[in-house]
Structures are given as structure tokens and as C-alpha cells.
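The values are calculated or read from the model by the stated rules, or taken from the named source; none is laboratory data. Note that the structure is a prediction, hence the values are computed from the model and not measured. Quick reminder, even Gly has a Cβ in these numbers, built from the backbone with ideal geometry, and neighbours come from all protein chains shown. Surface accessibility is based on the protein's heavy atoms, side chains included, excluding ligands, DNA and RNA. Shrake-Rupley method; radii C 1.70, N 1.55, O 1.52, S 1.80 Å.
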Amino acid sequence: MGAVRWLEARFHPQTRSDPDCVVVARVRCRERSASIEPLDPDAATVSSRLDRVALLAKLHFLVEASLPRPFERLRELRSAYWSFTELP
């Protein structure tokens with residue numbers, strides 16, 4: 001079945017170099033598949049300016065596009081607004 005690795009999906013509203021970000025979800029990565037676990041909106045630091053549904057839709061697109069090697073491809077993603085950090 002393969003090892004499971006976790007990524008924290010972060011959206012950077014200004015740019016990735018800005019320290020302010022919104023943690024959108026955790027991404028559970030297996031060798032050839034991935035699933036998204038959205039964070040509880042009350043627990044996450046979500047700006048009222050951001051549309052949580054749109055962020056999750058974009059995240060689903062990014063995860064689907066990363067297959068069949070989701071962990072590696074998300075970590076290598078070149079984006080001004082998204083970053084993926086490995087969780088222990």
C-alpha cells in the first residue's frame with residue numbers, strides 16, 4: 001500500500017515571499033494518489049476576503065494535476081501563491 005506522507009497546503013494572498021499565509025488543508029499523499037483534508041474553517045486563519053470554496057477548488061485542481069507523484073510534484077510546485085510543507 002505504501003507509506004503515507006502529509007503536506008500542509010498554504011495559500012499566500014500577496015506573494016509566497018510574504019510571511020502571511022492561510023493554511024487551507026492537509027494533503028495525504030501516497031505513492032500514486034492523494035486526498036485532501038480541509039481544515040475546520042474556525043480553526044484556520046481564514047481572511048474574510050478569501051473565498052474558502054474557491055481556495056479548495058484550486059487546491060483540488062493542483063492535487064489532481066500532481067498525479068501520479070503528488071508528494072514530489074506538490075513540493076516542487078513553482079507558484080507565487082501556493083506552498084506545500086511536509087508535516088511530521
Next item on the list: Quick one: count up the residues across the range 4-53 that are open to solvent by 100 Å² or more (accessible area, probe 1.4 Å), at pLDDT 85 or above and among the basic types (K, R).
Entry: 1
Check: Can you tell me which residue in the range 73-88 is surrounded by the fewest Cβ atoms within 10 Å (Cβ to Cβ), limited to those that are assigned to a helix (DSSP H, G or I) and touching a Ser or Thr at 6+ places or on another chain (Cβ under 8 Å)?
Finding: R73
